[in-house]
Amino acid sequence: MGSAYFIVIAVAAAMNLIAGIWGAALWLRRSVSIDGNLGTVLFWYLLRAAQAASVIAVLFCLVLYIWGREPDSAIHYLYVVLPLVISLIAEVIRAGAAIHETRGIDVAALPAERQMRMALAILRRETGIMASSSLICAFLLLRALEKL
């Protein structure tokens, strides 16, 4: 389908892989923090950049399809589009992380220290969820490269 398309998919895969590894390292080392440390902030920027790269890859694929340029295997389209679906599902699950941590608790009535611990638990859970989704997206995009 073209070397430019290959590069777009490869960049999206690499960005998802970097974001996923960075987030997984933060989550495994339990070094996620709510005080704005560079590692945590960088993860969220990397994640959003990886998601944007995935969207660009889908749009590029769509443009090439409209122009009549098709990959060797039709499953390639599935591997390119699925990262968007996975990211969307992960965002929904991430939204549920706060609900899971705060179920049945009046957060406003808690002492400030307990609220901070709860916020940290939510952020850790969200980081794990999004790092996992980013690694899955990287795998799918790498499979898309194989099917070009």
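Since every read-out is calculated from the coordinates, none of them should be taken as a lab result. Bear in mind that the values here come from a model prediction, so they are computed numbers and not experimental data. Glycine also receives a Cβ, built like all others from the backbone with ideal geometry; neighbour counts cover every protein chain displayed.
Distance from the C-alpha centroid of the stretch 7-58 to that of the stretch 71-126: 14 Å, rounded to the whole angstrom. Taking the Cα centre of the chain as origin and assigning +1 to Lys and Arg Cβ atoms and -1 to Asp and Glu Cβ atoms, the resulting dipole is close to 260 debye. With neighbours defined as other Cβ atoms within 10 Å of a residue's Cβ, the residues S33, S133, S87, S3 order from fewest to most as S3, S33, S87, S133.
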